[in-house]
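Reviewing the structure listed below.
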Number of protein chains: 2
Amino acid sequence: MIRLKMGITQRKEREKEEMRQLILDAALRLFRERGYDGVSLRNIAEAIEYSPGTIYLYYRDKSEIFFALQFEAAAVKRDHLLSVANIKDPWERLVEFGRRYIDFGMRHPDLYDLLFITRAPMESVENQECWQLGLATHSFFVDTVQACVDQRYFKSTDTETIAYTLWCHAHGLVSLFVRERMRMYPEEKRIELAQKSFALVVKMAETL
Amino acid sequence: MIRLKMGITQRKEREKEEMRQLILDAALRLFRERGYDGVSLRNIAEAIEYSPGTIYLYYRDKSEIFFALQFEAAAVKRDHLLSVANIKDPWERLVEFGRRYIDFGMRHPDLYDLLFITRAPMESVENQECWQLGLATHSFFVDTVQACVDQRYFKSTDTETIAYTLWCHAHGLVSLFVRERMRMYPEEKRIELAQKSFALVVKMAETL
DNA sequence: TTGACAATTGAACAGTGTTCAGTATATTTG
DNA sequence: CAAATATACTGAACACTGTTCAATTGTCAA
């Protein structure tokens, strides 16, 4: 009897989770197409064939949907980046990390936007977890730079500044792409330019 | 008689221009405080003590107000940057240009945002002029890099990639600031870090 | 003063995020 | 099984949004 009850509770739990994911999937698809402000809750509701009010039974408000997506994005990014952890040589690890950072931004411009560009209130529990994820990835990055410094890969020993500078370049590169500020370069040359720029920074960093 | 009429026409013209500027000033102040989406036309109307409908006699829609501000921002930026044109030595000119680019972003985060980050429909006549302004500034930048290349300031001779790489760094640096993605660094260290990073890039570029 | 023109208004429209009383369904209890 | 309870869901309603437009006010020439 209590066993039965438990089973039902579990099922309900599962269904609740499925519904949350259903909303999230629809929201991501719509946000991708039309941006955060271009999508209304009624649009999302219509997409999943429920009434607008229903969504509020699963998310407190619209921004919470956004935060949930941001959290997912942070997880995807972490998995995309931390897979370089097995590379022993810190310099190679760093280069590959950079390559993957840019690759992540290019492959998932919407997620990158969510994480690093979009303005959004930075409260919410969901978002603190997201912040933790991001911080972990950042720490991994800084640690890798530190390892390079320890092994005298650079002339400079200012780990913090080196790490920050590399991040600035990668973030600048990706966000100019994501927010379409490269119109002065012909479409087909943009990717090539980005690759050349990355290569140049790698070369520069070698003689840092 | 016709003279008088002309005078009146001129005054009307002037008043119209004043009204446009009044709207723009109020809009900029509000956008600064609450962002583009956080401000309604009724807010702007209230701020200038006119009815909502009045604004549509001076700007076709809300986005045109935005574009007008973007155009102003582009002009401010151009003036801020092109004042280095009188520096003869291309390398010194380039370094000062970079310093001022970052300085512009830090001093006018809202304008920088308008120009390089905010997503907005890129049509409108107003905006094409704005684009012209931006392109001119960019050309000046590339020309300066080219001058450095010509005088063998760098090892590399790929002007385009060098220019783009420097821009990536500066843009990344500013936009991480503007969109508040530097929370992992304590508030008081951020400016210092930015300065150190700029200095590092200058040093790196010397051995490019 | 009157007629024409320009500037301004504010109500109206369709949309937004959000709330909540009511309904329908599912589960537990007697 | 039937009744009572708990849960899921609805859709109308609220105050807001950008935008339009008939009606009103104010200004100026004849």
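Here is how the numbers come out for the structure above:
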| quantity | calculated |
| --- | --- |
| Qualifying residues in segment B:164-186 (those that are within 16 Å of the chain's Cα centre (by Cα) and among the aromatic types (Phe, Trp, Tyr)) - the one nearest to B:ASP103 (Cα to Cα) | B:PHE177 |
| Residue match in segment A:117-130 (condition: open to solvent by 30 Å² or more (accessible area, probe 1.4 Å), closer than 20 Å to A:VAL202 by Cβ and free of Cβ contacts under 8 Å to residues at least 60 places away in the same chain) | no |
| Qualifying residue in segment B:50-58 (condition: open to solvent by less than 40 Å² (accessible area, probe 1.4 Å), without any contact (Cβ under 8 Å) to a residue 24 or more places away in the chain and not assigned by TED's automatic domain parsing to the domain that holds B:GLY105) | yes |
| Lone qualifier among B:LEU173, B:LEU135 - being touching a residue at least 12 places away in the same chain (Cβ under 8 Å) and either in a helix (DSSP H, G or I) or over 23 Å from B:HIS80 (Cβ atoms) (or both) | B:LEU173 |
| Residue among B:LEU173, B:LEU193, B:LEU200 that is facing another protein chain (nearest Cβ under 7 Å), buried (at least 16 other Cβ atoms within 10 Å of the Cβ) and over 16 Å from A:ALA170 (Cα atoms) | B:LEU193 |
| Residue among A:TYR164, A:TYR153, A:TYR185 that alone is within 13 Å of chain B (Cβ to nearest Cβ) and buried (at least 17 other Cβ atoms within 10 Å of the Cβ) | A:TYR164 |
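The values are calculated or read from the model by the stated rules, or taken from the named source; none is laboratory data. Note that the coordinates shown come from a computational prediction; the quantities given were computed from them, not determined experimentally. So basically every Cβ, Gly included, is an ideal-geometry build from the backbone, and we count neighbours across all protein chains shown. Accessible surface is based on the protein model in full, side chains and every heavy atom, while ligands, DNA and RNA are left aside. Shrake-Rupley method; radii C 1.70, N 1.55, O 1.52, S 1.80 Å.
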